[in-house]
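Accompanying notes for the structure given below.
The values are calculated or read from the model by the stated rules, or taken from the named source; none is laboratory data. The model shown is predicted, which means the values in this text are computed figures rather than measured ones. Ideal geometry is used to build each Cβ from the backbone, glycine not excepted, and the neighbour counts take in all protein chains shown. Surface accessibility is based on the protein's heavy atoms, side chains included, excluding ligands, DNA and RNA. Shrake-Rupley method; radii C 1.70, N 1.55, O 1.52, S 1.80 Å.
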Amino acid sequence: MKPILPVLLGADLNAYNVARAFHEAYGAHAQAFGRYPIGVTQNVRILTFEAVPDLDTDDVMVERVNRFASEHPDASLILLGCTDDYVAMIIRCRDRLDARYTVPYISYELLDSITRKDHFYECCERMGIPYPKTVVVHPGEKPEIPFSYPVIIKPSYSVSYWKHPFDGMKKVYTAHNAEEAQSIIDRIFAAGYPDNLILQDRIPGDDSHMYTLTAYVDEEHRVRMMCLGHVLLEEHTPKGLGNHAAIVTECNAPIMEKLRAFLEEISYTGFANFDIKYDDRDGSFRVFEINVRQGRSNYYVTAAGCNIARYLVEDRLEHKPFDGCYLCDRSVYWRYIPDSVVYRYTPEALCRRVRALKKAGQAYSSMRYKPDLRWNLRRRIFVAVHEYHHRKKFKKYYFPERMNEGCGNCKQTEAESRADAQETKQS
């Protein structure tokens, strides 16, 4: 097999996590393209980043990735998008791309259907998959809400939503009364967003009620791997709201099998990522959406022993036969933020699990990758500053209703703080 060369569209943590998976599995050096540089993919050794200002334009993207392919005639090229926009572009332009690229994605018709949340919920209804109580709001409509406030407001189609920016723009909104809901709706539609909005019952519970499930589905539409992450904390900045920041992996066969059946029923292929929340009121796991790509926090999957690069390569390049679906049952702790933040804002029972996993050597950080940190002062400084900024961000933006349920004992101890600092020093 020719040398593996992953080509990534994106510059954020998603791109770095994918590049790290390929580097760990095959020693591969990735190429990443993005509109502008982001610190997480700068001053690293496992990928090369190039800024292409108009990369979000079809013609520019096609020309650049095809030119790159012509410059590397002896490589096995794999093209992956690391944001919804880039994935949609790759699928839309698939027929214009160099034929040597492996492009592990669904059809544009299926993409357009399941990434529109209102269409996705219709599929969930048909297949008996729980999802939050939902009202769909069309442009120009005033909603009638059959459930109580507060409610969640979000775009049905995020790809077009982010193309119509406005002051105060957020990934997700919470409205506490009808007037506030209407104000949010009016602002979004006034900015030019042309698709539907989703208003949902807000399922009670803090970040630790959230789950994320990543699956890999092969070329013959068979699910080969599923890995479920129990979210400890999410980011809470306005545009980062909902990004997973710390995860412990778990196995929950019923919900995994239900979503496996869904993926195979719709003839899916490639990576899929589901956002899920546990509802204390009835003990259900309610699915919010599907992302037709690996999630931003995908290194939690690789850390749990399911290297995402290996699944892709073994299916699409090596054509290894199907050997059943692996439901990951290995428990690991992954984080993108300092342990001290996790200890401060995570419920006590989960803090105990984190400590046990750290003691067992099952703790992983995306940013602390030794090949990128060793003898690399700029990268080490970036990681230290990055983690410091996350302490400030959580202090500024995160106001849980009950911080750790009296979890004064869950704050990082002095000894753990020293160990945390020593880990950074030794990496």
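Ordered by residue, what ³J(HN,Hα) values in Hz, to whole numbers, does segment 376-383 give under the Karplus form 6.51 cos²θ - 1.76 cosθ + 1.60, where θ = phi - 60° and Gly and Pro are x?
Residue by residue, segment 376-383 yields 10, 4, 4, 5, 4, 5, 4, 4 Hz.
Under the rule of -39500 (n - 2.57) per DSSP H run of 4 or more residues, summed and divided by the residues of the chain, what mean residue ellipticity at 222 nm is obtained, to the nearest 500 deg cm²/dmol?
-11000 deg cm²/dmol
When only Cα pairs under 8 Å and 6 or more residues apart are kept, what is the percent relative contact order across segment 243-325?
Relative contact order for segment 243-325 comes out at 25 percent.
At 0.36 nm per residue, and after removing the present C-alpha to C-alpha distance, how many nm does the segment from residue 178 to residue 127 gain when stretched out fully?
Stretched fully, the residue 178-residue 127 segment lengthens by 15.2 nm.
Assuming a ≥ b ≥ c are the square roots of the Cα gyration tensor eigenvalues, decide whether the chain counts as rounded (a/c under 1.5), prolate (otherwise, with a/b larger than b/c) or oblate.
Since a/c stays below 1.5, the shape of the chain is classed as rounded.
Need the list of lysines near residue 277 for cross-linking: C-alpha distance under 19 angstrom, and skip anything on the same chain fewer than eight residues off.
Once the sequence-local lysines are set aside, what remains near residue 277 is 117, 133, 154, 171, 258.
Out of the total accessible area of the chain (probe 1.4 Å, heavy atoms of protein only), what percent is carbon and sulfur?
For the chain, the apolar C and S fraction of the accessible surface comes to 50 percent.
Apply the Karplus curve 6.51 cos²θ - 1.76 cosθ + 1.60, θ = phi - 60°, to the phi angles in segment 99-112 and return the couplings in whole Hz, x for Gly and Pro.
Karplus-based 3J(HN,Hα) across segment 99-112 equals 5, 7, 6, 7, 10, x, 10, 6, 6, 5, 5, 5, 4, 4 Hz.
Quick check: the distance between the Cα centres of segment 209-273 and segment 50-99, to the nearest angstrom?
When both Cα centres are located, 25 Å separates them.
What is the local net charge at residue 193, summed over the other residues whose Cβ is closer than 15 Å to its Cβ (Lys, Arg +1; Asp, Glu -1)?
0
Using r as the Cβ-Cβ distance of residue 48 and residue 164, and R0 as 45 Å, what FRET efficiency do you calculate, to the nearest 0.05?
After rounding, the FRET efficiency stands at 0.85.
Quick check for you: with a 1.4 Å probe and neighbouring chains kept, what is the accessible area per residue of the chain, in Å²?
On a per-residue basis, the chain sits at 43 Å².
Just tell me the longest site-free run in the chain, where the sites are GluC sites (Glu not before Pro) in a DSSP loop having at most 14 other beta-carbon atoms within 10 Å.
Here the longest segment lacking exposed loop sites spans 1-140.
Could you check what % of the DSSP bridge pairs in the chain are antiparallel, to the nearest 5?
Approximately 65 percent, going by the DSSP bridge assignments.
Given axes a ≥ b ≥ c from the Cα gyration tensor, I'd like to know whether segment 222-314 is rounded (a/c under 1.5), prolate (a/b larger than b/c) or oblate.
Oblate, because a/c is 1.5 or more while a/b does not exceed b/c.
When Lys and Arg each count +1 and Asp and Glu each count -1, what net charge do the other residues less than 15 Å away from residue 155, Cβ to Cβ, add up to?
Net charge in that neighbourhood comes out at -1.
When Lys and Arg each count +1 and Asp and Glu each count -1, what net charge do the other residues less than 12 Å away from residue 316, Cβ to Cβ, add up to?
My count for the surroundings of residue 316 gives -3.
If you average the sequence gap of Cα pairs under 8 Å that are 6 or more apart and divide by the length of the chain, what percent do you get for the contact order?
It rounds to 15 percent for the chain.
Name the chymotrypsin sites (Phe, Trp or Tyr not before Pro) in segment 335-388 that are in a loop by DSSP and that have at most 16 other C-beta atoms within 10 Å, would you?
375
Residue by residue, what Karplus-based ³J(HN,Hα) values in Hz, rounded to whole numbers, does segment 149-161 have, using 6.51, -1.76 and 1.60 with θ = phi - 60° and x for Gly and Pro?
Karplus-based 3J(HN,Hα) across segment 149-161 equals 7, x, 10, 9, 10, 7, x, 6, 10, 5, 4, 7, 4 Hz.
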